[in-house]
Amino acid sequence: MASASKTPELLAADGTPLKHALRRSQAQERRRAFLLVAPLLVFLLIVFAVPILSMIWRSVYNPEIRGYLPQTAAALQQWEGADVPPEPVFQAMAADMIVGVENRTIGRAAARINREIPGARSTVMRTARQVDEWSAPYREKFLEADEDWANLEFWRILKRESRLLTPTYYLLAIDYEYNAQGEIAPRPEVYQVYKGLFFRTAWMSILITGLCVVLAYPISYMLATQPARVANLLLILVLLPFWTSLLVRTSAWIVLLQQQGVINELLVATGIIDGQGRLRMIYNRTGTIVAMTHILLPFMVLPLYSVMKTIPPSYLRAAKSLGAHPFRAWWRVYFPLTIPGLAAGCILVFILAIGYYITPALVGGDSGIFISNLIAQNMQGSSAQLKLAAALATILLVAVLLVYWVFNKLVGVDRLKFG
Amino acid sequence: MKRVLILTGTVAALALGGAVAQDKQLTIVSWGGAYSKSQIEAYHKPYTEKTGVEILNEDKSANALAGIRAQVEAGNVTWDVVDMLQADAQRACDEGLVLEIPHDEWLAPAPDGTPASQDFIEGTLGPCFIPQILYATMFAYNTEAFPDGGPQTIEDVWDVEKFPGTRALQQIPQKNLEWALIADGVEPDKVYEVLATEEGQNRAFAKLDEIKDNVIWWSEGAQPPQMLADKEAVIATAYNGRIFNAQVNEDQPFEIMWDHQMFETDGWVVPVDTGNEETIKDYLKFATDTQRLADQAKYISYGPARQSSAPKVGKFEGTDIDMKPHMPTNPENLKTAIPFDVQFWADYGDALEERFNAWVAG
């Protein structure tokens, strides 16, 4: 470096040092490049980053109690939880209720409490409707009106859920909850579903990915080794279903697999099974696996094919001429060269599969649905639990990112080839 | 300056034009299929003819409560009138998502002058809810599947030996749990009392377990007639009007089993902040009068919610079929009927739905 400083500085035509001129022109380039991608960046921010962040925010944001019963929430902070709360708490509750009835927001607080204690909605609503006729002291009147007001658990939950951020929905999403003592404990067995469904989604996605590998590898090999004319024809056979609408392909499987469907009719007609013993191949796990493997197959074939096409056949011939057994030649020479395509296909199929919704919903019945179906279920219906859905979706998102990260460590994104 | 004026003028004119155009339009949310059609024929078409107000139909009622919640929270209410179940309407009302309706001011009196609040069937009007119809959910079966006679009681539905084949049930806990308890021997008038206890809930789920392997689930009212027609299921729970329409319009060999049918009301609510109140009020006054409610029964076999409408119920449109025997409110069909308990499900819906979903997926 010392010698470099001695040499006279190179100057551009206008007399500025060359370094500065270069930096300036590069900066200009960068600005131009940034302007070119700016629309995409804004687009991604608006339709991708913001909704995801707001979803994550929703999954922990818990404003109902604090917002609709503000005085009660404040009064409860003084309460230790050992005995039925003192008069000030009831007085605050009465004041909140009068405001809540007037603004018709009391039902939103009641709905939130009812989520924790079934039946609490009517206690709250019933009392709220008469509370404006009462006067202090309130404690006696509340306890007289409904024995539920003496329930310590009710008040403990109210106190706990008066905080603005809550992990409640994440606990629910992994089948845990706060028990009566306020400790985190597994939910009663009859409510446990999400953990099992996360596992089912994972293993079925792995299975579907595996099936795709088994089916796609020979097809791709054939595509890559046939003369161009034949290969192009075969490729169209792969692409045609790829271009067909997802719904059409799924419905086609329903037509084929259902109990009065083509396959069952054929089996009955040929006498392999009798009319009573029709196979149930759809509206269960089998249906999901069959239909999804078919639908995701092109995502495995295309990257594999594009990689195999670049492997010169002479490599294999060389290995064999040097005395390798054909299998050994394939295993030691050919297979390692296809790994980038295989890896690309696997990550593509697996990540698509793990978030799949429409096919399991249509052909999955009850044993073949995925976690995304339960996310959807939590967003619909009369007791829609958007926050639980948000928590589940966030967990799914983190899981996918984790898979991608591990994959990146093991294989490396730079080795991927997508055709 | 001049340009700015012209610009503001144009914008204002556009905004005004927009507002006027919006007044000429109502978005009404309903259930789709034969049910929406009955409303279009009985209410929407005559109203558009009379006033020129265009009516847009959206088939979103299956998610009505979630939809209104989301729209009100986002401050962008696009639904003007929403067709909803009474239990959901009660929740929406408690949560301040829908307008409270002064019944006698908003609704037309009966032809003899009886105010609306006394003419609707007792207990059906809610503070925010205007009932249109009484409908039943009950079991129906494909007679071709049972040449020796189909199931006659709830116990028969559970008897997979005597009546083999797939059952199609609605994928909600409501009604399935009640029927499970009845099949298990609970007295009909004790059903909700039992279901409020943990022990009773376990009992209901255990009873459902018995037929779980023979069940497929449906979620849209149009599905059960389809499943029965395809013989994907041989017995299905369904809304009585859908089965009736399949029998009459498509000549399907379906039979309704009225034993322990569960009836409830369905009707209208008006979300808050639609900015369209005058038109909505006018529409509701028109659509809930005695004759209109009776007219809906020409197109689907649901009982009108007004007492004064009942005698005016006639024949199925374009046929000679008398609608009265097909109504859930017909005394013959009502013998063992169970009224659906709106309050119970408003209170226990959250927990039981969660348990039910876990049970289905497990």
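The values are calculated or read from the model by the stated rules, or taken from the named source; none is laboratory data. Computed from a prediction, not measured in an experiment: that's the story for all the values here. All Cβ positions, glycine included, derive from the backbone under ideal geometry; neighbour counts span all protein chains shown. Just the protein is used for accessible areas: all its heavy atoms, side chains included, with ligands, DNA and RNA removed. Shrake-Rupley method; radii C 1.70, N 1.55, O 1.52, S 1.80 Å.
Is it the case, given these coordinates, that A:VAL230 is open to solvent by 30 Å² or more (accessible area, probe 1.4 Å) and under 24 Å from A:SER367 (Cα atoms)?
Answer is no for this residue.
Could you list all residues from segment B:217-252 that are open to solvent by 40 Å² or more (accessible area, probe 1.4 Å) and of a type in the set (Ser, Thr, Tyr)?
Of everything in segment B:217-252, just one residue is open to solvent by 40 Å² or more (accessible area, probe 1.4 Å) and of a type in the set (Ser, Thr, Tyr), namely B:SER219.
Just one of A:THR166, A:THR201 is in contact with a Lys or Arg (Cβ under 9 Å, 6 or more places away or on another chain), open to solvent by less than 40 Å² (accessible area, probe 1.4 Å) and of a type in the set (Val, Ile, Thr); which is it?
A:THR166
For A:LEU207, all conditions in the list (1) closer than 30 Å to A:VAL238 by Cβ; (2) buried (at least 18 other Cβ atoms within 10 Å of the Cβ) hold save one; what is the number of the exception?
Checking A:LEU207 against (1) closer than 30 Å to A:VAL238 by Cβ; (2) buried (at least 18 other Cβ atoms within 10 Å of the Cβ), the one that fails is (2).
If you scan segment A:377-403, which residues turn out to be modelled with pLDDT under 90 and in a helix (DSSP H, G or I)?
Across segment A:377-403, the qualifying residues are A:GLN377, A:ASN378, A:MET379, A:LEU386, A:LYS387.
Yes or no: B:ILE243 over 16 Å from the mean Cα position of the chain (by Cα), in a helix (DSSP H, G or I) and among the β-branched types (Val, Ile, Thr)?
no
Does segment A:233-251 hold any residues that are open to solvent by 60 Å² or more (accessible area, probe 1.4 Å) and in contact (Cβ under 8 Å) with a residue 40 or more places away in the chain, and which are they?
Selection gives A:PHE242, A:LEU247.
Report, ordered by the first and then the second residue, all pairs with beta carbons closer than 6 Å, sequence separation of six or more or different chains, a first member in segment A:118-132 that is free of Cβ contacts under 8 Å to residues at least 60 places away in the same chain and within 7 Å of chain B (Cβ to nearest Cβ), and a second member that is outside any helix (DSSP H, G or I) and buried (at least 16 other Cβ atoms within 10 Å of the Cβ).
Nothing qualifies.
Those residues that are over 35 Å from the mean Cα position of the chain (by Cα) and open to solvent by less than 10 Å² (accessible area, probe 1.4 Å), I need them from segment A:100-122; list them, please.
The answer is A:GLY100, and nothing else.
Could you check how many residues of segment B:63-78 are open to solvent by 30 Å² or more (accessible area, probe 1.4 Å), in contact (Cβ under 8 Å) with a residue 12 or more places away in the chain and at the interface with chain A (Cβ under 9 Å from one of its Cβ atoms)?
Looking only at that region, the number is 1.
Out of A:LEU362, A:LEU304, I need the residue that is out of contact with any Phe, Trp or Tyr (no Cβ under 6 Å at 6 or more places or on another chain), in a helix (DSSP H, G or I), open to solvent by 50 Å² or more (accessible area, probe 1.4 Å) and in contact (Cβ under 8 Å) with a residue 60 or more places away in the chain. Which one?
Matching residue, one of A:LEU362, A:LEU304: A:LEU362.
Which ranges mark the helices (runs of 4 or more DSSP H) fully within segment B:170-234 that have 2 or more residues being within 11 Å of chain A (Cβ to nearest Cβ)?
It comes to B:198-211, B:223-229.
When segment A:142-156 is examined, which residues are found to be over 17 Å from A:ALA92 (Cβ atoms), among the charged types (D, E, K, R) and either open to solvent by 40 Å² or more (accessible area, probe 1.4 Å) or away from chain B (no Cβ under 14 Å) (or both)?
Across segment A:142-156, the qualifying residues are A:GLU144, A:GLU147, A:ASP148, A:GLU153.
Quick check on my filter: what residues within segment A:86-99 are surrounded by 22 or more Cβ atoms within 10 Å (Cβ to Cβ) and within 13 Å of chain B (Cβ to nearest Cβ)?
Matches in segment A:86-99: A:MET97 only.
Residues are listed down the side, and each one gets a yes or a no for (1) among the small types (Gly, Ala, Ser); (2) within 19 Å of A:PRO218 (Cα to Cα):
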site	(1), (2)
A:LEU302	no, yes
A:GLY323	yes, no
A:LEU348	no, yes
A:LEU352	no, no
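Taking the conditions exactly as written (within 14 Å of chain B (Cβ to nearest Cβ) and of a type outside the set (Lys, Arg)), does A:ILE113 satisfy them or not?
Against the criterion (within 14 Å of chain B (Cβ to nearest Cβ) and of a type outside the set (Lys, Arg)), A:ILE113 qualifies.
Of (1) β-branched (Val, Ile, Thr); (2) farther than 21 Å from B:GLN86 by Cα; (3) crowded, with 19+ Cβ neighbours inside 10 Å, B:THR319 satisfies all except one. Which?
Exception for B:THR319: condition (3).
If you scan segment B:305-347, which residues turn out to be within 20 Å of the chain's Cα centre (by Cα) and among the hydroxyl-bearing types (Ser, Thr, Tyr)?
B:SER309, B:THR329
Filtering segment B:253-301 down to residues that are of a type in the set (Ser, Thr, Tyr) and open to solvent by 10 Å² or more (accessible area, probe 1.4 Å), which residue is nearest to B:ILE321 (Cα to Cα)?
Taking segment B:253-301 as the starting set, the residues that turn out to be of a type in the set (Ser, Thr, Tyr) are B:265, B:274, B:279, B:283, B:288, B:290, B:299, B:301.
Now narrow it down to the ones that are open to solvent by 10 Å² or more (accessible area, probe 1.4 Å): B:274, B:279, B:299.
Working: B:THR274: 41, B:THR279: 36, B:TYR299: 11 Å.
Filtering segment B:253-301 for residues that are of a type in the set (Ser, Thr, Tyr) and open to solvent by 10 Å² or more (accessible area, probe 1.4 Å), the one nearest to B:ILE321 (Cα to Cα) comes out as B:TYR299.
Name the single residue, out of those in segment B:307-362 being within 30 Å of A:ALA384 (Cα to Cα) and touching a strand residue (DSSP E or B) at 6+ places or on another chain (Cβ under 6 Å), that is nearest to the other protein chains (Cβ to nearest Cβ).
Only one residue tops the list, namely B:PHE340.
For residues that are surrounded by 23 or more Cβ atoms within 10 Å (Cβ to Cβ) and of a type in the set (Gly, Ala, Ser), tally how many sit in segment B:88-115.
Result for segment B:88-115: 2.
Test A:ARG139 against the stated conditions and say whether it is at the interface with another protein chain (Cβ under 10 Å from one of its Cβ atoms), open to solvent by 40 Å² or more (accessible area, probe 1.4 Å) and either farther than 24 Å from A:THR166 by Cβ or not hydrophobic (A, V, I, L, M, F, W, C) (or both).
No: the conditions fail for A:ARG139.
Report, by residue number, each residue of segment A:72-85 that is surrounded by 17 or more Cβ atoms within 10 Å (Cβ to Cβ) and not aliphatic (A, V, I, L, M).
Within segment A:72-85, A:THR72, A:TRP79, A:PRO85 meet the criteria.
Identify, please: which residue in segment B:335-362 is out of contact with any Phe, Trp or Tyr (no Cβ under 7 Å at 6 or more places or on another chain) and free of Cβ contacts under 8 Å to residues at least 24 places away in the same chain and is, among those, nearest to B:GLU193 (Cα to Cα)?
So, considering only residues that are out of contact with any Phe, Trp or Tyr (no Cβ under 7 Å at 6 or more places or on another chain) and free of Cβ contacts under 8 Å to residues at least 24 places away in the same chain, the one nearest to B:GLU193 (Cα to Cα) is B:ASP347.
For the subset of segment A:252-294 comprising residues that are open to solvent by 50 Å² or more (accessible area, probe 1.4 Å) and hydroxyl-bearing (Ser, Thr, Tyr), which member is farthest from A:PHE370 (Cα to Cα)?
Top of the filtered list is A:THR270.
In segment A:38-70, how many residues are part of a helix (DSSP H, G or I), closer than 26 Å to B:GLU95 by Cα and open to solvent by less than 40 Å² (accessible area, probe 1.4 Å)? Talk me through it step by step, then tell me what you get.
Just the residues of segment A:38-70 that are part of a helix (DSSP H, G or I), to begin with: A:38-58, A:64-68, A:70.
Now drop any that are not closer than 26 Å to B:GLU95 by Cα, which leaves A:51, A:54-58, A:64-68, A:70.
Going one step further and asking which of them are open to solvent by less than 40 Å² (accessible area, probe 1.4 Å), we end up with A:64-65.
So the count comes out to 2.
Do we find that A:GLY419 is within 14 Å of chain B (Cβ to nearest Cβ), open to solvent by 30 Å² or more (accessible area, probe 1.4 Å) and modelled with pLDDT under 90 in this structure?
In short, no.
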